[in-house]
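Below: the structure, in structure tokens.
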Amino acid sequence: MFKQKFRNRHPYMFIAPAVTLLIIFSIIPITIAFFISFTDLDLKGLANWSNISWIGFDNYQNLFADDTFIKSIFNTLFYVVIGVPLVIICSLGIALMLNYGSNKLFSMFRSVYYMPSITNIIAVAVIWGYLYNTEYGLFNYILSLLSVENIPWLQEPTIAKISLIILAVWKGIGINMIIFLAALQGIPRAYYEAAKMDGANRIQTFFNVTLPLLRYATFFVTVTTLIGWMQFFEEPYVMTQGGPLDGTLSIALFIYQEGFQFSEFGYAAAGSFVLFIMIIIITLIQFKLRKSDTEY
């Protein structure tokens, strides 16, 4: 028995480094944060552990009584409901256009569309801050040529959220475009030739051949994109700091502010677990819907 187990050790040896890193940098920190969420840990508690008190579910109760946190939930849902479909549709549309093109110009455009996703967020904030400037920005200058009044891109809560979504979509389509493009190029040409022989036009071919064969790529992109948008942080952090009037404050930015600006680590940990549970629930729903669709 022992010799047989010893012979089968090689798979475990290969996964051991990854499992070790996962435990050290994910499982252990998550477990510690979970226990911290039931305490009043702050800077005094970090300096002297005797100042830390176990307060049970008080942090969670205070969270759901906190108007700022509730507002951050609605802001995050606003980002998700509008941003996720836009990213998926734009990524798929660009991937389709690039897939049908065969000359070198289309190869260049692959790099052009992918570039924003690897561009430093600070550089992006500087450029888009200029574009969104109410008085001197390029967008309002173009609108002024059409006799349209200046739009307060980052000064009015709803418009500011839409402005951040536009920025995030522009920055996020690159990676998803590559995934869709790889999936498109993996579809055998025989399917398209068969559809053409049956008299199907391009629209019919897309909905009856291309789209069904992209279901796995679409599911993967949907899950990862939704998780990313639920943790929407960089754009509101560098562009608006959650303003105006907390109108662009996301859950992730709320957690950051509570933890690293106000030093309420227990309160921030509780917020992070609320976000974690929301992501888990939404992801499980997606897997359930995906399973039901497969069975059907």
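The values are calculated or read from the model by the stated rules, or taken from the named source; none is laboratory data. None of the values given here were measured: they were computed from a predicted structure. Cβ sites come from the backbone with ideal geometry, for glycine too, and all protein chains shown count toward neighbours. Side chains are part of the model used for accessible areas, which takes the heavy atoms of the whole protein and leaves out ligands, DNA and RNA. Shrake-Rupley method; radii C 1.70, N 1.55, O 1.52, S 1.80 Å.
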>> Using only the alpha-carbon atoms of segment 1-90 as identical scatterers, what base-10 log of I(q)/I(0) does the Debye formula give at q = 0.12, 0.15, 0.16, 0.22 Å⁻¹?
In response: -0.76, -0.88, -0.91, -1.07
> What span do the alpha-carbon atoms of segment 183-296 cover on each of the three principal axes, reported in whole Å from largest to smallest?
Replying inline: 66, 32, 22
> At q = 0.13, 0.26 Å⁻¹, what is the log10 ratio I(q)/I(0) for segment 58-118, with the Debye formula run over Cα points and no solvent?
Replying inline: -0.56, -1.03
> Using the Karplus equation 6.51 cos²θ - 1.76 cosθ + 1.60 (θ = phi - 60°), what ³J(HN,Hα) coupling, rounded to whole Hz, does each residue of segment 262-279 give in order, writing x for Gly and Pro?
Replying inline: 9, 6, 9, 5, x, 5, 5, 5, 5, x, 5, 6, 4, 4, 4, 5, 4, 5
> For segment 1-150, taking Cα atoms only, what is the radius of gyration to one decimal and the Dmax to the nearest whole Å?
Replying inline: 26.0, 83
> Per-residue ellipticity at 222 nm for the chain, helices alone: DSSP H runs ≥ 4 residues times -39500 (n - 2.57), over residue total, nearest 500 deg cm²/dmol?
Replying inline: -22000 deg cm²/dmol
>> Which one, MET97, MET278, MET239, has the greatest fluctuation when you compute a Gaussian network model over the chain with C-alpha springs under 10 angstrom?
In response: MET97
> Which residues' amide hydrogens lie under 5 Å from the amide hydrogen of THR39, considering only partners 5 or more residues apart or on another chain, with H built in the peptide plane?
Replying inline: ILE55
> Rg to Rh ratio, segment 222-270, alpha-carbon atoms and Kirkwood radius?
Replying inline: 1.02
> How big is the gap, in Å, between the Cα center of segment 200-218 and the Cα center of segment 11-55?
Replying inline: 46 Å
> Out of GLN257, GLN61, GLN241, any idea which swings most in a Gaussian network model of the chain, alpha carbons joined below 10 Å?
Replying inline: GLN61
>> In whole percent, and with a 1.4 Å probe on the protein chains, what portion of the accessible area of segment 60-169 is carbon and sulfur?
In response: 69 percent
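Two-decimal Rg/Rh of segment 124-201 from alpha-carbon positions, Kirkwood Rh?
On the Cα set of segment 124-201, Rg over Rh gives 1.30.
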> So how long is each side of the chain along the principal axes, counting just the alpha-carbon atoms, biggest first, in Å?
Replying inline: 80, 77, 36
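What relative contact order, as a whole-number percentage, does the chain give when Cα pairs under 8 Å and 6 or more residues apart are counted?
28 percent
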> Which one of TYR267, LEU213, PRO188 is farthest out on the positive end of the charge dipole of segment 147-296, using unit charges on Cβ (Lys, Arg +1; Asp, Glu -1) and the Cα centre as origin?
Replying inline: PRO188
> What residue among LEU184, LEU211, LEU77 has the largest mean-square fluctuation in a Gaussian network model of the chain, using Cα springs under 10 Å?
Replying inline: LEU211
